[in-house]
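Each reported figure results from applying straightforward, stated rules to the coordinates on display, with no laboratory input. On a predicted model such as this, the values are computed, not experimentally measured, just so you know. Quick reminder, even Gly has a Cβ in these numbers, built from the backbone with ideal geometry, and neighbours come from all protein chains shown.
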Amino acid sequence: MPTKSLQARKNLLSDPQEQLKYLSNGIFGSGELPLFREKIAATGDLPLKPKKLE
């Protein structure tokens with residue numbers, strides 16, 4: 001059975017404003033989690049480039 005979308009389930013997180021509120025609190029807002037750009041920079045694989053399909 002397929003999973004219904006957040007909107008179909010009437011989940012609060014289907015609203016972008018609710019998502020932003022969630023992402024600006026807790027470990028997301030306190031800076032405990034590294035930013036995506038920091039994680040990518042740490043890999044040394046910049047700039048990001050697509051790879052060929054196999």
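Those residues that are closer than 21 Å to Glu18 by Cβ and surrounded by 10 or more Cβ atoms within 10 Å (Cβ to Cβ), I need them from the stretch 28-44; list them, please.
Phe28, Gly29, Leu33, listed by residue number.
Test Ser14 against the criterion of being touching a Leu at 6+ places or on another chain (Cβ under 6 Å) and either surrounded by 10 or more Cβ atoms within 10 Å (Cβ to Cβ) or at negative phi (or both), and give yes or no.
In short, yes.
So Lys21 passes all but one of these: (1) within 14 Å of the chain's Cα centre (by Cα); (2) assigned to a loop (DSSP other than H, G, I, E, B); (3) of a type in the set (Lys, Arg). Which condition number does it fail?
(2)
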